[in-house]
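First comes the structure, then the notes that go with it.
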């Protein structure tokens, strides 16, 4: 794997929480390289368009985490289980799309197409996790601590933690904007928009077609973009209430509290997404605004790929005896 490809996959891994829907719903999905992954309650399908225009898919039956492990039926824990499974499936779908991108159809019959080695994907995952901790945990706290030393008014525990949160948010928004300037990521955002349109189309009860899907907006309240913004807001509150001083104890506490904050944020998003138009629904509003960056209007061919993924997931769901009915 070349350095350029390694960094491109790393950028996609950094975007996984932004591009996926972690809610246990009828259908949800995620954008990948030149494709879309869609999942139903007990199945998933990723559809990717090859360089030659052909659409290829990978399907698999999957149990809900709450069915496989009853512990994940409880509040907060159910969020961790669902999000963990969503990230695992997203990683698998990304690997499939990366391998598909390498298959340009030039291999002779019987010759195995090039693939991204599993150990390289694992190395990329470890690298991406390290970048995440450094960029969103170490750097904001370090800069907030330096700021507190230079500005006495910002040296207190509460002020330092608030400054840390503001810096983290600024880094996230800047990183997101810079990634959106990359041509490849821009296309992923178009597939992200296609995924949202097709999910909206399905939830409307109307026949799922390219024409119908294109009539819907690309901004969805269950998007991972909304989730991440809520995580950052909850983090600011939690960190400010911690009776901890000193750089290293604060840094370690931020890492240790990640699962708890993610679980709380999941519950809030889950609650707010069902109450759009109410005061609680305003919780998802910033994420909907930010989706103007993370989703872009797709063309018909991209929407067709998203529909292909949805149909694959629904067909597999039906084969298992599942019945998808929109309430």
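Test of understanding: extend the Cα→C-beta vector of residue 158 to 7 Å, then name every residue of region 189-233 with backbone N under 19 Å from that spot.
Output list for this probe position: 233.
Work out the FRET efficiency for residue 69 and residue 253 from their Cβ-Cβ distance, taking R0 = 30 Å, and round it to the nearest 0.05.
Numbers: r = 27 Å, r/R0 = 0.91.
That gives a FRET efficiency of 0.65.
Quick check: Cα centre of region 132-161 to Cα centre of region 192-215, how many Å?
So the two Cα centres are separated by 44 Å.
Between residue 120 and residue 184, what length comes free when the chain is fully extended (0.36 nm per residue of separation minus the Cα-Cα distance, one decimal in nm)?
Values: separation 64, 0.36 × 64 = 23.04 nm, distance 2.03 nm.
Extra length from residue 120 to residue 184 when fully extended: 21.0 nm.
Calculate the spin-label point distance for residue 271 paired with residue 132, positioning each point 7 Å from the Cα along the beta-carbon direction, and give it in nanometres.
Distance between label points: 2.5 nm.
Taken together, the values in this text are just the output of simple stated rules run on the coordinates, not laboratory data. Since this is a predicted model, take the numbers as computed values, not measurements. Here Cβ is always computed from backbone atoms with ideal geometry, including for glycine, and neighbour counts include all displayed protein chains.
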